[in-house]
Amino acid sequence: MSIQFNILTLFPDMFPGSLGQSLSGKALERRDWSYEAINIRDFAQGVHKNVDDTPYGGGAGMVMRADLIEKATLSIEKPGRKIYLSPRGTPLTQALVKELASTPALTLLCGRYEGVDQRVLDAQDFEEVSIGDYVLSGGEPAALILMDACIRLLPGVMGNETTPDEESFSNGLLEYPHYTRPDEWAAADGNVHKVPEILKSGDHAKIKAWREEEALKITKKRRPDLLK
Ligand code: ADE
């Protein structure tokens, strides 16, 4: 199973960015995933190659043109699901990531300025997805985050480094805390911090129960919304 990301952007050099490093970088070399960053400006004409214009109705900023985004979208051979990254979108959750990671191709539209002309989103059936309740300067970092979350789920990408059933959100809870050697650690302030005894007991049933309890505690405290 592999995945092809088609990225529509005014800043193609932002890709693969951080995804060229570490495990996702190795997976890219193995062609577990691939990408093409398509420069929307390449579809513009004239000396100025304008990609945006002022908004109808007035207001601040510029709006990316529908015609150029349509041309760029239609140039993609296998677009798969088409996603516009936007703070207005439906929230990206681990469940949605799982769905997206199991598709062979995705097209990710990255907006800049005030956004893109609504008509091309409607005409080309873009779904809108948000990575969180805050506003970025453009869709590119959001696309990189969506891609990262998908890539790490591809078979073989994480090797032994993940236990997908236990990590945060996979069971609807935040993850329990982790510890490694030494079992007694003296911090710079002189305080000695010990590893919880139960984790050294070798009693796997008790350890499992302790971890479940910790996961529930931290979820109640930080993300009570997840328990509803
Ligand atoms: N573009 C700007 N802000 C964004 C967000 N929060 N999620 C997705 N795309 C965005």
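The values are calculated or read from the model by the stated rules, or taken from the named source; none is laboratory data. Since this is a predicted model, take the numbers as computed values, not measurements. A quick note on method: Cβ atoms are made from the backbone with ideal geometry, for glycine too, and the neighbour counts reach across all protein chains shown. Side chains included, ligands, DNA and RNA excluded: accessible areas come from the protein's heavy atoms. Shrake-Rupley method; radii C 1.70, N 1.55, O 1.52, S 1.80 Å.
Counting residues in the stretch 27-41 that are in a loop (DSSP other than H, G, I, E, B), modelled with pLDDT of 95 or more, in the same structural domain as residue 139 (by TED's automatic domain parsing) and touching a helix residue (DSSP H, G or I) at 6+ places or on another chain (Cβ under 6 Å) gives zero. Taking the residues in the stretch 110-140 that are open to solvent by 70 Å² or more (accessible area, probe 1.4 Å), of a type in the set (Ser, Thr, Tyr) and within 9 Å of the ligand (Cβ to nearest atom) as candidates, determine which candidate is nearest to residue 36 (Cα to Cα). Within the stretch 110-140, the match that is nearest to residue 36 (Cα to Cα) is 137. State yes or no: is residue 144 over 17 Å from residue 88 (Cβ atoms), more than 16 Å from the ligand (Cβ to nearest atom) and touching a helix residue (DSSP H, G or I) at 6+ places or on another chain (Cβ under 6 Å)? No: the conditions fail for residue 144. Would you check which residues across the stretch 217-228 are among the aliphatic types (A, V, I, L, M) and open to solvent by 70 Å² or more (accessible area, probe 1.4 Å) and list them? Across the stretch 217-228, the qualifying residue is only 227. Test residue 64 against the criterion of being within 23 Å of residue 134 (Cα to Cα), touching a helix residue (DSSP H, G or I) at 6+ places or on another chain (Cβ under 9 Å) and open to solvent by 20 Å² or more (accessible area, probe 1.4 Å), and give yes or no. For residue 64, the condition - within 23 Å of residue 134 (Cα to Cα), touching a helix residue (DSSP H, G or I) at 6+ places or on another chain (Cβ under 9 Å) and open to solvent by 20 Å² or more (accessible area, probe 1.4 Å) - is not met. Screening residue 211 with (1) within 16 Å of the ligand (Cβ to nearest atom); (2) at pLDDT 95 or above gives one miss only, at (1).
Scan the stretch 86-105 and tell me whether some residue there is modelled with pLDDT of 95 or more and within 16 Å of residue 11 (Cβ to Cβ). No. Against the conditions (1) outside the structural domain of residue 103 (by TED's automatic domain parsing); (2) open to solvent by less than 70 Å² (accessible area, probe 1.4 Å); (3) not in a loop (DSSP other than H, G, I, E, B), residue 156 satisfies every one except (3).
Only a single item in (1) open to solvent by 30 Å² or more (accessible area, probe 1.4 Å); (2) in a helix (DSSP H, G or I) is not met by residue 69, and it is number (1). Of 197, 128, all but one fail to be of a type in the set (Asp, Glu) and closer than 20 Å to residue 107 by Cβ; the exception is 128.
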